[in-house]
Amino acid sequence: MENNIELQNVSKKYKGFELKNINFNLPEGCVVGLIGENGAGKTTTIKTILNITKFDGNIKIFKKDNKKSEKEIKQDLGIVLDDSFLSEYMTAKSINSVMKDFYKNWDERKYFNYLKQFNLPTDKLIKEFSSGMKMKLKIATAISHNPKVLILDEPTSGLDPIVRSEILDIFRKYIEEDEKRSILLSTHITTDLEHISDYIIFIDNGKMLFNLPTSDLLENYAIVKCNEIDFKKIKKEDYISYKKEKYQYEILIDNRYKFSKKYDVSTIDKASIEDIMLFYIKGDK
């Protein structure tokens, strides 16, 4: 399996924040989820990939240097960022006129099909769109030139569950149509990642805490609930972090089968991606 994107020792220093030695790949045919708190470094990582911000390290996209071959590379990237690149005084129809001159593979028919599917008006100014309508327009624009890779920063933010599900189906179809395509998806809605991602990358305070298959996270990580007596019997090397609640302890572990054989505790529940994030960030070590 080839990698569409490769990051090697990528770092970026701002006043009061540093992105530190980020290393990961975006394989063909895969959806990789990027999670972390606001300000953790997710958007900075995406901006280094897109060469929007200067950085130290090396980034290759389609085996090409993302700085030296930026113009060529971006022909094959579909991008949705929080900051819209679309003028508020354009219409959906006028966007089509601009994009078909910019992208060599722009598919006008596909674009207008998405507008129809999303129930977006073609002649209304973008400034009159709701936040959800604007996001759907950005997604339609990003995907209508048949890119090899989608890079998405909070693409389902502000959308209701029905529309979110519809958009996730579009992303699935996008991957299924061509096994060489891939998606890098940064989102706070971790339940979306449980349904669509193949790998999860967790960035906290500028550092990458892990890069793991989603199936491994959901299968092996768990929340143990026990009393104080049982908690004191558990060795520190056998858990990641814990929270002391009013009547019990809650403990995050990363190998529930091994743990259940070693310790006799009454409750071991599967952990969601959101649970894992919260315990890593807020839990006691």
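Out of the residues in the range 217-230 meeting the condition of being surrounded by 19 or more Cβ atoms within 10 Å (Cβ to Cβ) and among the hydrophobic types (A, V, I, L, M, F, W, C), tell me which one is farthest from PHE202 (Cα to Cα). Within the range 217-230, the match that is farthest from PHE202 (Cα to Cα) is CYS226.
Of the residues that sit in the range 233-243 and are basic (Lys, Arg) and either touching a strand residue (DSSP E or B) at 6+ places or on another chain (Cβ under 8 Å) or part of a helix (DSSP H, G or I) (or both), which one is surrounded by the fewest Cβ atoms within 10 Å (Cβ to Cβ)? Step by step, filter the range 233-243, then rank; the result is LYS236. Considering the range 141-182, the residues that are among the small types (Gly, Ala, Ser) and part of a loop (DSSP other than H, G, I, E, B) include one that is surrounded by the most Cβ atoms within 10 Å (Cβ to Cβ), namely SER144. Go through (1) out of contact with any strand residue (DSSP E or B) (no Cβ under 7 Å at 6 or more places or on another chain); (2) outside any loop (DSSP other than H, G, I, E, B) for PHE24 and report which single condition fails. Among (1) out of contact with any strand residue (DSSP E or B) (no Cβ under 7 Å at 6 or more places or on another chain); (2) outside any loop (DSSP other than H, G, I, E, B), the lone unmet condition for PHE24 is (1).
Screening ASP76 with (1) under 22 Å from the mean Cα position of the chain (by Cα); (2) over 30 Å from THR191 (Cβ atoms) gives one miss only, at (2).
Here is a yes/no grid of residues against (1) without any contact (Cβ under 8 Å) to a residue 40 or more places away in the chain; (2) among the aliphatic types (A, V, I, L, M); (3) farther than 26 Å from ASP198 by Cβ:
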| site | (1), (2), (3) |
| --- | --- |
| ILE5 | no, yes, no |
| ASN51 | yes, no, no |
| GLU72 | yes, no, yes |
| GLY78 | no, no, no |
| SER87 | yes, no, yes |
| ALA92 | no, yes, yes |
| SER97 | yes, no, yes |
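The condition (being at pLDDT 90 or above and either of a type in the set (Phe, Trp, Tyr) or closer than 28 Å to TYR111 by Cβ (or both)) is satisfied by just one residue among VAL163, VAL149: VAL149.
Looking only at the range 47-58, which residues are in contact with an Asp or Glu (Cβ under 8 Å, 6 or more places away or on another chain) and either farther than 15 Å from ILE79 by Cβ or among the acidic types (Asp, Glu) (or both)? Answer for the range 47-58, where residues must be in contact with an Asp or Glu (Cβ under 8 Å, 6 or more places away or on another chain) and either farther than 15 Å from ILE79 by Cβ or among the acidic types (Asp, Glu) (or both): just ASN58.
Suppose we filter the range 233-285 for residues that are without any contact (Cβ under 8 Å) to a residue 60 or more places away in the chain, touching a helix residue (DSSP H, G or I) at 6+ places or on another chain (Cβ under 9 Å) and of a type outside the set (D, E, K, R); how many remain? Number satisfying all stated conditions: 18.
Of the residues in the range 244-266, at least one is open to solvent by 60 Å² or more (accessible area, probe 1.4 Å) and part of a strand (DSSP E or B).
Look at (1) closer than 25 Å to GLU154 by Cβ; (2) free of Cβ contacts under 8 Å to residues at least 12 places away in the same chain; (3) of a type outside the set (S, T, N, Q); (4) assigned to a loop (DSSP other than H, G, I, E, B) and you find that PHE210 fails only one, number (4). When LYS116, LYS138 are screened for being assigned to a helix (DSSP H, G or I) and either in contact with a Lys or Arg (Cβ under 7 Å, 6 or more places away or on another chain) or surrounded by fewer than 14 Cβ atoms within 10 Å (Cβ to Cβ) (or both), only LYS116 passes.
Looking for whichever is within 15 Å of the chain's Cα centre (by Cα) and either assigned to a helix (DSSP H, G or I) or farther than 25 Å from ILE175 by Cα (or both) here; the options are LYS93, LYS110, LYS54, LYS47. Which one fits?
Criteria check complete, one pass: LYS47.
Residues in the range 77-112 that are among the aromatic types (Phe, Trp, Tyr) and open to solvent by 80 Å² or more (accessible area, probe 1.4 Å): PHE85, TYR89, PHE102.
Just give me the residues in the range 2-56 being touching a Pro at 6+ places or on another chain (Cβ under 8 Å), open to solvent by less than 20 Å² (accessible area, probe 1.4 Å) and of a type in the set (D, E, K, R), in sequence order. Answer for the range 2-56, where residues must be touching a Pro at 6+ places or on another chain (Cβ under 8 Å), open to solvent by less than 20 Å² (accessible area, probe 1.4 Å) and of a type in the set (D, E, K, R): there is none.
The values are calculated or read from the model by the stated rules, or taken from the named source; none is laboratory data. This is a predicted model, so every value here is computed, not measured. With ideal geometry, Cβ positions are generated from the backbone for all residues, glycine too; neighbour counts draw on all protein chains shown. Note: areas computed on protein heavy atoms with side chains; ligands, DNA, RNA excluded. Shrake-Rupley method; radii C 1.70, N 1.55, O 1.52, S 1.80 Å.
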